[in-house]
Every structure is written in structure tokens, then in C-alpha cells.
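Taking it in order: structure first as C-alpha cells, then the write-up.
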Amino acid sequence: MGTADLDDLTAGFTAPDEAEWLALVDTALRGKPISAIETTRRDGILVAPLYRRPDGADAPISLPYPGQAPFTRGVAPAGRAEGAWDIRCVVDAADPATAAANALADLTGGASSLTVRFDEAARRGLAPTDHAWTETAGVDGLLALSVDALDAALEGIFLEAAAINLDAGASFECAAELLVGVWLRRGIDPVEALGSFGADPVGALAATGTLPGGIEDALAAAGRLAARTHEAFPEVTALSIDTAPYAEAGATPTQQLAALLATGRQMLAAVTDGGLSLEAALAQVTATLTLDADIWGGVALLRAARRCWSHLALSADAPEGSAALAVHTRTSNAMMTRRDPWVNLLRGTAATFAASVGGAESMTVAPFDTALGHSDGLARRMARNTQLLAQEESGLGRVIDPAGGSWYVESLTDTLCTNAWELFVEIERHGGMVAALTSGWWGAEIATARNATLAQVATRAHPITGVSEFPLLTESVPERATIDLASVRQTARAAWEETDGASDQATPSAQETAAVATLPEPLGTVRWAQGWEALRQRSDDALAATGERPRVFLANLGPPAVHIARASWARNAFEAAGIEALETDGFHTPEVLAEAFAASGAPLVLVCSSDAVYDDWGAPAISALAAHRPARLYVAGRARSGLSDVDNDVSAFVGVGVDLLELLGDAHDAART
């Protein structure tokens with residue numbers, strides 16, 4: 001389509017005028033400055049209400065073509081083949097037979113590749129001879145100690161067609177041997193093997209807080225694995241830099257990207273020290289980024305990751321073609337909720353949209369019930385279908401970099417690149433990624449970001465639909481089956497002991513390793529909804545024990561027109577904490593109000609109305625309520641001079657900016673006494 005064609009499309013439309021737009025904004029804001037509608041992202045990036053061509057720039061934005069450095073617009077000149085990305089599902093059942101059934105269902109249901117996630121014991125580098133093995137074996141992953149076990153978990157799968165990607169943490173080298181053993185057993189030629197060994201020793205250290213054998217030995221092992229993979233398995237990659245340990249601990253997108261760069265630099269150095277050329281080493285690397293429901297932030301993160309990685313590679317004199325980074329995405333566990341888990345389907349859809357528009361080569365979407373335990377077949381199917389609908393019905397993969405040229409997306413990409421590179425340089429000043437982790441500095445940086453977001457969650461400045469906003473007290477949370485891990489462990493240990501633990505061992509014994517790398521404090525994980533869900537659980541426990549939930553009486557003053565705004569806001573807030581709000585139509589005298597409250601039997605009372613009504617008869621209303629000695633007496637809104645005479649009767653003012661988790665936790669305590 002030429003310029004003349006574009007002119008035809010705009011014929012008949014008046015060219016937009018910024019001055020006219022600003023005048024309309026001024027009218028809508030009623031004199032407030034335009035900064036009133038600016039927002040700030042988690043990583044401190046300011047989002048303006050309008051993005052446009054910079055002053056003095058007459059030409060349209062200039063962007064490199066897809067497939068050209070710095071690969072902002074994608075790594076392939078022609079985009080995805082047939083508009084399809086790799087739909088990747090996770091095999092994480094503890095029992096190999098269950099894992100195989102899930103894997104077959106995923107592949108026959110539309111998935112194109114698999115990630116085999118080994119259990120916590122393997123990811124920590126523990127063997128059955130280690131004391132901690134019993135508590136961690138089979139937890140959150142496949143328990144496979146031998147080629148037989150992994151082969152059973154992949155039974156019925158045509159490994160010539162389905163790529164197998166490993167997530168084994170500290171046990172990446174042993175897990176790779178198991179997968180190679182399965183390929184050999186199946187008679188698969190090494191040149192036809194597909195997948196990734198997923199080595200990321202720095203990420204393993206970050207995820208668990210310890211690394212048996214020490215980081216130097218682990219990096220050297222990753223280098224050896226990369227060299228062997230380069231020589232023997234042309235369609236397999238050895239290294240996968242995964243930012244999940246940082247993202248799930250609460251890191252911002254800027255911190256995610258800086259961690260990718262710092263980890264990549266350290267791992268590439270280890271691989272090239274082992275004898276591979278930089279070009280060959282770069283070919284062994286893929287990246288996994290964690291996306292949440294922030295669509296445009298996710299799009300910018302992928303575009304920025306490719307650009308920054310290209311800059312990192314080219315600054316080391318790598319050939320331009322080798323500087324392209326293949327990116328896999330996974331949905332964030334931190335954004336998932338246990339309450340109203342169906343909303344997780346929308347969160348996963350938003351992340352899928354971001355990944356597709358941002359140009360991800362492959363994606364994993366977590367089932368909507370992932371926070372509840374072991375996902376059932378329906379949840380796994382809906383996770384696959386989220387991608388299938390986006391790919392096949394919406395055709396999201398058919399357009400290359402559809403967000404490219406958007407002034408907002410380009411600005412966000414540029415700012416993210418600049419900020420992440422500056423943070424990467426700061427990590428290097430601390431001695432690199434490993435030193436930043438083991439010194440505790442990086443963990444403290446992430447903790448600061450996490451706590452800032454948790455503070456926003458507590459005030460509902462960071463709303464969580466179905467949890468802190470629009471809760472449903474009567475909802476029924478789906479239940480998930482528990483797994484008999486004792487039986488799975490017994491079977492796995494017996495099979496392992498039959499071989500005397502001498503062959504096909506999935507993990508080296510941590511007790512036998514010479515050194516252990518440790519972090520001062522584990523990075524940990526966070527789910528943003530966990531504070532609100534804890535209050536909801538207290539409500540459920542009270543209902544089970546006493547037959548009723550904690551209750552708050554809404555003392556609405558005046559007709560609905562004057563109290564409904566604050567009453568609706570307050571009901572939403574209290575019921576998000578599991579405290580049932582007793583609604584009223586509105587009262588007109590303190591005496592009738594006080595009688596109704598006394599008759600309700602509620603231990604808590606919340607006064608709701610307009611500022612004008614508060615100034616008129618709010619004080620006598622509060623005094624009348626206080627005479628009945630409620631456990632807590634709240635007022636919706638900010639403190640006012642007109643209520644100063646009854647300050648001693650008011651437990652707290654409830655409004656925007658208040659730490660509601662703290663206030664409502666105290667309300668639970670008060671209602672119980």
C-alpha cells in the first residue's frame with residue numbers, strides 16, 4: 001500500500017488538532033492539570049495521556065525491518081511461519097504415568113511442544129541420599145530418577161515431532177543425560193532431536209537460594225553441555241535464561257530485563273571460556289520472560305529484550321545474524337488468584353495477546369486453577385485453547401510487530417531499554433549477576449519493588465478483580481485432588497535402589513558436593529492476592545465455626561443519592577476482606593439510625609454519606625452509634641473538621657489511600673472479640 005492509498009483512507013476526515021484535544025481534556029478535568037491523568041508504571045515509568053510525533057519531527061518514525069539488528073521488531077524477516085507460534089505445555093505431574101497422560105492430552109489437544117518440569121528435589125540438586133529429598137521429591141514437578149522414569153513420562157509421544165524442553169534447575173546436567181538416554185533408547189538420530197536442555201545455573205541459584213557444587217562448577221558444566229550440544233545436537237539448545245525467579249519474587253519488568261542481560265553476559269563468558277566461539281555460544285541461548293496481564297508492558301518487554309540482547313552481543317563483536325534472541329514467554333504465577341479463579345482466564349488471555357503482539361516464538365499459558373493445586377483436565381484444556389483461539393481464530397500471529405510505530409509502544413520500549421541497560425551496568429558494578437545475588441544486593445532491590453507493589457495492593461491502587469475488587473462472598477472455590485506423594489516416592493526410591501543408585505541417577509547428592517553457593521536470603525515468591533485471600537479465609541473459618549461471617553452495619557445517612565457512592569465503595573472494600581456488609585436504604589435521624597444498628601447485632605459499623613451531610617448531622621449520628629459501643633466505628637471518607645468533636649468515637653476513616661489490609665485485619669480481630 002502506497003502513500004496515495006493511505007491518503008485515500010483519510011479523505012473526508014478532519015486532521016486532529018492537539019489544541020482542540022487539550023481544550024476538551026481541560027473541560028473534562030474541570031480545571032485540574034493534565035498531569036492528573038498521568039499514571040506511573042511499577043518500574044517508575046511515567047505514562048502520559050497522549051503520545052505523538054516529537055516536535056520538529058516531520059518524517060514518520062524510522063524502524064529497522066524485522067529480522068534486522070537490533071531485532072526490536074522480531075528475529076525473522078518473514079515473521080512466524082503461517083502466523084503460528086509454538087504452543088508449549090508443562091509436564092509437571094509427579095507420577096510418570098500421570099505425566100504421560102497429561103502430555104498426550106496436551107499434544108493431541110493443540111500443543112506443539114512440552115516442558116518437562118522436574119520436581120523440587122531435582123531443581124535443588126538433591127538425591128535420595130540427601131535428608132531433604134523426602135520432603136521435596138515429587139513436589140511441583142516430575143519425579144524421575146532414571147531414563148526409565150523419564151521414558152515412561154514421555155510414553156506415546158513422537159519425539160521426532162515434539163520438542164522436549166527441560167526445567168531441572170540445579171540438576172540440568174543429569175536431566176540432559178536422561179533425555180539423551182531416552183532419545184537413544186527410541187532410536188532418534190541426534191541430528192533429529194528437538195528441544196532444549198534448559199541449563200541456567202544462575203537462575204537455579206536465584207530460584208532456590210542454594211546451588212550444590214558451587215556456581216563456578218555449575219557454569220563450567222553449562223559450558224561443557226553447550227559445547228556438546230553444539231557438536232552433536234544441531235536442533236537442540238543447551239542454555240535457557242529464565243527470569244521467572246525474579247519475576248515471581250516481585251521484580252519489575254526493568255529488573256527482569258536487567259537480570260536477563262547480566263545472566264546472559266556471565267553465562268556467555270563461561271561458555272566461551274569452555275572453547276565455543278561467541279557466535280556458537282549465542283546460538284545455544286534462548287530466553288524465557290514472565291508476562292502478566294499488563295498488555296502493553298508485555299509487548300514492550302519482548303521488543304526491548306531483543307533490542308538489548310542484540311546490543312549486548314554486538315558490543316562483544318558478535319556477527320549481526322547471531323545477535324537475534326529467541327524468546328519464550330510464560331504467564332506469571334504472581335498474578336494468579338485462588339479466589340474467583342475464573343478471572344485468571346482473562347489474565348492469561350491478556351498475557352497471550354501481549355506475547356503474540358510482542359513477537360514471542362513460543363508461549364506457555366498456566367491453567368486458571370494453578371494457584372489451587374494440581375490442575376485438572378478442563379483447566380489444562382482451556383489454557384491450550386486460549387492460545388489456539390488467539391492463533392487460529394484471531395490470527396494474532398499473522399501480522400509482524402503490529403504495535404510497531406505506535407508512539408506509546410515505541411516510547412515505552414525505548415524507556416525500558418534505557419532503564420534496563422542502566423540497571424544492567426549497575427549489576428556489573430556489583431561484580432555481575434552472581435555477585436549481586438550472593439551479596440544480597442539484588443534480593444534487596446527486588447524486595448523494594450515487591451513491597452512497593454504490595455503497598456499498592458493493600459490500598460487497592462493495584463486492584464485485583466474478583467479479589468480486592470468485585471468480590472463474591474458466596475462463591476464456591478473449585479477443589480483439586482491431592483496427590484499421594486508417599487506412594488510415588490516409594491516407587492521411585494525402590495526403582496533407584498535396584499540400580500544401587502549407581503546409574504541413570506537424575507541428581508548428584510548434595511552431601512557429596514565440595515561446595516555450595518548460597519544466598520543470604522532466598523528471593524522467595526509472591527502472589528499479589530495473598531493478603532486479601534488470607535482475610536477471606538478468616539471469614540470462611542468464622543462461617544464454619546459460628547455459622548456467620550463477620551458483619552459490618554452500613555450506617556447510610558440521608559437518601560441514596562448522597563450516600564450510594566461511598567456506601568458502594570465501602571461495601572466492596574469490606575466484602576473483599578470477607579466481612580459481610582449489612583445494607584440499609586438510608587436514615588434521617590440519629591435515633592432511628594442507632595436503634596437499627598443495635599437491632600442488627602453487627603459488631604462493626606461504617607458511616608457513609610456525603611461531606612455535606614457529615615457537616616450537617618454527622619457528629620450526632622456518630623455519637624448515637626458510639627453509645628451502643630460497637631467494636632469498631634468507621635467513617636467512609638477523609639477526616640473532616642465538622643467531625644472533630646467525635647474524633648474519639650471514630651476508630652478510623654476509610655477511603656482512598658488507606659492501608660485496607662491492615663485496617664480490615666484489625667476489623668476481623670475486633671469482630672471476633
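All of the numbers you see were taken from the coordinates with simple rules; none came from a lab. Worth saying up front: this structure is predicted, and the values here are computed from it rather than measured. A quick note on method: Cβ atoms are made from the backbone with ideal geometry, for glycine too, and the neighbour counts reach across all protein chains shown.
The label point for T589 and the one for R480, both projected 7 Å from the Cα toward the Cβ, are 5.7 nm apart. Taking the DSSP beta bridges with both ends in the chain, the antiparallel portion is around 10 percent. Under 19 Å from a label point set 7 Å out along the Cα-to-Cβ vector of S277, the amide N atoms of segment 320-336 belong to 320-325. Taken over the alpha carbons of segment 414-571 as equal point scatterers, the Debye sum produces base-10 log I(q)/I(0) values at 0.13, 0.18, 0.21 Å⁻¹ of -1.01, -1.17, -1.34. Derived from the Cα gyration tensor, the three semi-axes of the equivalent ellipsoid of the chain are 49, 34, 22 Å, largest first.
If you rank S240, S487 by fewest surrounding Cβ atoms within 10 Å, what's the result? Going from sparsest to densest Cβ surroundings: S487, S240. According to the Cα-based calculation, Rg over Rh for segment 185-229 is 1.10, with Rh computed by the Kirkwood formula. Ranked by the mean number of other Cβ atoms within 10 Å of their residues, highest first, the peptides 335-348, 556-569 fall in the order 335-348, 556-569. If you take the alpha carbon atoms of segment 269-366 and fit the smallest convex hull around them, that volume is 97 Å³ per residue. Of the GluC sites (Glu not before Pro) found in segment 585-673, not one falls in a DSSP loop while having at most 11 other beta-carbon atoms within 10 Å. Per q in 0.15, 0.16, 0.18 1/Å, what log10 I(q)/I(0) does a Debye calculation on the alpha-carbon atoms of segment 530-672 return? Scattering profile of segment 530-672, log10 relative to I(0): -0.67, -0.77, -0.97. Electrostatic bookkeeping for A218 treats Lys and Arg as +1 and Asp and Glu as -1; over the other residues with beta carbon under 12 Å from its beta carbon, the sum is -3.
Say R0 is 35 Å: what FRET efficiency, to the nearest 0.05, do V425 and A97 get from their beta-carbon distance? The calculated FRET efficiency here is 0.10. Shown here is the pair-distance distribution of segment 273-317: with all Cα-Cα distances grouped in 5 Å bins from zero up to the longest one, the shares run 5, 17, 23, 20, 14, 11, 6, 3, 0 percent. With R₀ fixed at 56 Å, the C-beta to C-beta distance from H131 to S641 puts the FRET efficiency at about 0.30. Bridge orientation summary for segment 230-376: considering DSSP beta bridges with both residues in this region, about 0 percent are antiparallel.
Taking segment 558-584 and a reference point 7 angstrom along Cα→Cβ of E469, the backbone N atoms nearer than 18 Å belong to 565-578.
Converting phi to 3J(HN,Hα) with the Karplus coefficients 6.51, -1.76 and 1.60 and the offset θ = phi - 60°, segment 100-114 yields 5, 5, 5, 5, 5, 5, 5, 5, 6, x, x, 6, 10, 8, 10 Hz in sequence order, with x at every glycine or proline. For L22, L582, the sequence from fewest to most other C-beta atoms within 10 Å is L22, L582.
With a Förster radius of 30 Å applied to the beta-carbon distance between A81 and D189, the computed FRET efficiency rounds to 0.80. In this rough spin-label picture, where each label sits 7 Å from Cα along the Cβ direction, the A612-V516 distance is 6.9 nm. Rounded to the nearest 500, the 222 nm mean residue ellipticity of the chain from helices alone is -14000 deg cm²/dmol, with -39,500 (n - 2.57) taken per DSSP H run of at least 4 residues.
Note on S568 and L314: the model spin-label points, each 7 Å out from Cα along the C-beta direction, lie 5.2 nm apart.
When only Cα pairs below 8 angstrom with a gap of at least 6 residues are kept, the chain shows a relative contact order of 14 percent.
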